[in-house]
Structure formats: structure tokens, C-alpha cells
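The values are calculated or read from the model by the stated rules, or taken from the named source; none is laboratory data. From a predicted model like this one, the values you see are computed outputs, not experimental measurements. All Cβ positions, even for glycine, are placed from backbone atoms using ideal geometry, and neighbour counts span all protein chains on display. The area values use the complete protein model at the heavy-atom level, side chains included, leaving out ligands, DNA and RNA. Shrake-Rupley method; radii C 1.70, N 1.55, O 1.52, S 1.80 Å.
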Amino acid sequence: YYELRKSEKFANMSFESAGSVLRELFTDAIRIRLRSDVQVGTCLCGGLDSSATSVIASEIYHKQTGLQFWGVHARASEEAIDESSYASMVAQHSGIDLSVICPSIEDFRATIDDVVYTQEEPFGSPSMFMGWHVFREARARSCPVMLNGQGGDEVLLGYERYFAAFDKGIPLWKSLIKAILQARHSRLNLATVLKHRFYFNNPKLRLWWLAKRTFLSAKYIAKVNTQFINRQTEAFQSVWDLQRFEVEFQLPHLLRYEDRNSMRHSIETRLPFLDYRMVEACLSMPPKYKIHNGWTKYILRMAVKELLPKIVVWRSTKLGFEAPAETWLRASSKIVRDEISKSKILTQITDHERVMDKLSKTSLKQQWMLYNIAVWERIYGVHWD
């Protein structure tokens with residue numbers, strides 16, 4: 001009944017008008033999602049999207065109810081990925097009652113089976129646990145409706161990989177200047193920015209790299225369906241095509257993860273960035289409004305710069321509820337090894353002897369993937385025919 005199409009109305013707006021419309025639509029999307037007969041709270045990670053959502057929601061909620069808005073933040077125990085200072089800064093600035101939880105190694109071990117059971121299939125990162133614990137805390141606080149900033153990156157060009165589509169077709173000298181600015185205002189260094197341009201626009205290169213890093217044996221690499229990578233690479237030919245692809249094909253996977261985590265605790269999540277009016281407007285706006293001088297989500301930064309602390313508005317790093325995977329997995333190395341060693345599926349699809357021999361030297365991301373498959377296999381009693 002609905003198809004996402006580009007709106008010429010937004011495509012032809014001036015930057016100032018587009019910024020005003022964005023703030024108006026976003027505020028209304030939040031206002032609508034605060035309608036409830038029960039308490040509404042927010043997931044506040046400290047990044048731009050969740051912070052913008054939370055600060056506007058807090059003001060509206062207080063005006064409507066006279067009550068203090070509540071939020072929850074999952075703090076990572078590793079200093080390099082700890083964003084709790086940003087979340088606390090936003091909470092203090094906006095008058096939000098913020099609960100900060102810090103899932104521990106023991107929490108990871110105690111909930112691994114439940115989290116994997118909840119998702120029903122293997123997933124690529126332990127960060128799933130942070131969201132799971134956020135929603136568990138919301139349930140403990142009797143807050144059954146939570147706002148979330150998910151979708152902001154997809155509709156406003158928030159991921160650094162989007163640079164590869166944004167820079168297509170421009171002269172080399174301009175391209176180099178853009179790459180320098182992008183490296184300055186993002187998590188990437190200059191070499192990685194340039195590598196992304198080749199990588200995301202070349203399906204053969206991507207498949208070669210993925211095959212090089214995979215734990216699958218050659219027999220099963222040959223059976224892999226490459227359709228998704230080919231379609232995504234085609235989408236990188238233009239920003240509009242890429243954003244539409246991300247919203248229609250990539251984003252639903254992320255929404256599925258969140259939906260399972262939240263509903264496991266009987267929590268309803270509401271996503272203002274994915275109000276259909278917001279999606280239409282943001283995707284239709286000129287790409288240069290969304291990426292400017294290397295800044296991602298530039299128009300959103302400008303639209304909310306008076307509402308948030310300057311350090312939050314102009315953050316060049318973006319993590320979300322990142323899990324302390326290194327701490328958790330290293331502390332659980334024996335458990336991880338034992339689980340992987342007993343997996344019949346991994347015995348079939350990998351060179352299992354080699355995997356076990358090199359496991360301690362394998363990247364933590366790969367260790368997690370192997371461990372996740374093994375746990376999923378055990379919990380669901382998956383049999384290999």
C-alpha cells in the first residue's frame with residue numbers, strides 16, 4: 001500500500017527551509033510516539049540520534065504530564081567505548097532521570113542462552129546484549145514503552161560507508177579534499193576513507209575479502225548466495241539508490257533484532273526517525289545537506305544544535321550501545337573454546353581442526369561468530385543432515 005518515492009518538494013528546498021522542516025517533522029514524530037496510557041522512557045546511548053530524540057521527548061513529556069522523563073543507558077566497562085559521560089551530560093542538560101547499567105562478564109555468561117534464544121538465529125556482534133539489558137532494565141522500572149533513535153543513520157547518511165556513494169563522479173582533486181575532511185570528522189583515517197571508495201563499489205573485491213576472512217571451508221564458500229552484496233554494490237551508484245536500499249533491505253534486519261530484544265521483556269519500542277514523513281523528507285533532501293565538509297547527518301546537527309551540548313552535537317565518533325566484547329570474550333575463553341569444539345555444524349562447514357588450533361589467534365569478532373553459532377546450535381537442537 002506504500003512505496004518510498006523521492007519528493008521534489010524536499011529535493012528543491014533551501015538548506016534553511018529543509019532544516020526547519022526536519023526539526024518540525026521530528027518534533028511531531030516524537031510527540032505522536034509519546035501518546036500512551038503508561039510510562040514512556042528513552043534509550044539514551046549518548047550519540048546524536050538518541051540524544052536528539054531524548055531531549056525533545058523530555059520537554060514534551062514534562063509539559064504534557066508534569067513528570068520527569070526517564071531514560072536508561074548501558075555503559076561499557078572498557079574505557080575506549082564508554083559513552084556514559086555523553087549520556088549523563090545529555091540527561092543533566094535535559095532534566096532526564098537516567099539509569100545507568102553496566103552489564104558485567106557474569107551478566108554476559110548468565111544471559112548468553114537467553115539472548116541467543118530470543119534472537120532465534122546467530123547474530124554478528126555481542127552488542128546485542130547491551131540492548132537486551134537496556135530493555136530488561138526498562139521492564140524492571142515498569143516502563144513498557146521506550147523511544148529509540150534507530151533509523152537516524154539510514155535516513156540521514158550517518159554511516160561512514162556512505163561516503164563511497166556520496167563522492168562518486170566528482171573530480172579527483174575535489175575527491176581528495178572531501179576524503180581529508182571526512183577523515184577529520186569521522187572515526188576513519190584517510191587511508192580507510194580511500195579504501196572504502198574502492199571496496200564498496202567493487203563486488204568482486206568485497207567477495208574476495210570476505211572469502212579470505214571467513215571460517216567456512218572452500219566447499220561452502222562456493223555455495224554462498226552473493227545476491228545481497230551484488231545488490232548493495234549496485235545501490236552505491238547513487239545516494240538515493242543506496243539510502244532506499246538500506247531502508248528497505250538492510251534496516252529491517254536491525255529492527256528485527258531490536259524488536260525481539262524489546263518484546264522479550266514486553267517492551268514496545270517507538271522510532272521517531274522512521275516516521276514515514278521523516279523518511280520521505282530526509283531521503284529526498286539533497287545529499288550535500290546530509291554530508292557536509294566530512295560531517296555526517298549535518299542537517300540534523302544544525303537543526304538541534306541549540307538543544308544539546310555542543311560536544312554532543314559535533315561528536316565525530318559514534319558507537320551506540322557497544323559491548324565490551326574484548327573483556328567478555330577473553331575472560332570467557334575456556335567456555336568459548338569448549339562450546340566451539342563440541343559444535344557438529346562447525347565441524348561440518350569449517351576446517352574444524354584448523355579452527356581450533358588457531359582459535360586463540362583468531363580475531364575476537366570471528367571467535368564470537370563461531371561461539372554464537374555453537375550456542376545457537378545447542379539451544380535449538382539444530383541437527384546437521
Worksheet entry | Loop-located chymotrypsin sites (Phe, Trp or Tyr not before Pro) in segment 302-349, at most 16 other Cβ atoms within 10 Å (DSSP) | Trp314
Discussion item. Could you tell me the calculated FRET efficiency between Ile177 and Lys219, based on Cβ-Cβ distance and R0 = 35 angstrom, to the nearest 0.05?
Written reply: 0.15
Worksheet item: Any idea of the accessible area per residue across the chain, 1.4 Å probe, to the nearest Å²?
Response: 49
Item to complete: Mind grabbing the base-10 log of I(q)/I(0) for segment 191-234 at q = 0.17, 0.21, 0.29 Å⁻¹? Debye formula, identical points on the C-alpha positions, no solvent, two decimal places.
Response: -0.51, -0.72, -1.06
Worksheet item: Excluding the sites themselves, what is the longest stretch of the chain that contains no GluC sites (Glu not before Pro) in a DSSP loop with at most 15 other C-beta atoms within 10 Å?
Response: 121-305
Fill in: Projected label distance in nm at Arg337 and Arg31, using a 7 Å step from Cα toward the beta-carbon
6.0
Worksheet, complete the sentence: Per the C-alpha gyration tensor (a ≥ b ≥ c, the square roots of its eigenvalues), segment 322-385 is rounded if a/c is under 1.5, else prolate if a/b beats b/c, else oblate; here it's oblate
Worksheet, complete the sentence: A chain fully extended from Leu210 to Leu254 at 0.36 nm per residue, minus the present Cα-Cα distance, gains in nm 13.8 nm
Worksheet item: Just how large is the dipole of the chain about the Cα centre, in debye to the nearest 20, putting +1 at every Lys and Arg Cβ and -1 at every Asp and Glu Cβ?
Response: 1200
Worksheet, complete the sentence: Scalar couplings 3J(HN,Hα) for segment 216-226 by Karplus 6.51 cos²θ - 1.76 cosθ + 1.60 (θ = phi - 60°), nearest whole Hz, x for Gly and Pro, are 5, 6, 4, 4, 8, 4, 5, 8, 5, 7, 9
Worksheet entry | Share of carbon and sulfur in the accessible heavy-atom surface of the chain [1.4 Å probe, %] | 52
Item to complete: Sticking with the crude label model, points 7 Å out along Cα→Cβ, report the distance from Glu326 to Asp97 in nm, one decimal please.
Response: 3.7
Discussion item. Run the numbers for Ser360 and Gln64: contour at 0.36 nm per residue of separation, minus the present Cα-Cα distance, in nm.
Written reply: 101.1 nm
Worksheet, complete the sentence: Of the listed pairs Lys9/Lys178; Lys174/Lys318; Lys195/Lys318; Lys204/Lys290, those with alpha carbons more than 22 Å apart are Lys9/Lys178; Lys174/Lys318; Lys204/Lys290
Fill in: Rounded to whole Hz, the Karplus (6.51, -1.76, 1.60) HN-Hα couplings of segment 314-323, x for glycine and proline
10, 5, 9, 9, 8, 10, x, 7, 6, 8
Worksheet item: Semi-axes of the chain's equivalent ellipsoid from the Cα gyration tensor, sqrt of 5 times each eigenvalue, largest first, rounded to whole Å?
Response: 34, 29, 19
Practice prompt. Starting from the Cα gyration tensor of segment 132-181, multiply each eigenvalue by 5, take the square root, and state the resulting semi-axes largest first in whole Å.
Written response: 41, 10, 7
Worksheet item: What percent do you get for the relative contact order of segment 129-201 when only Cα pairs under 8 Å and 6+ apart count?
Response: 27
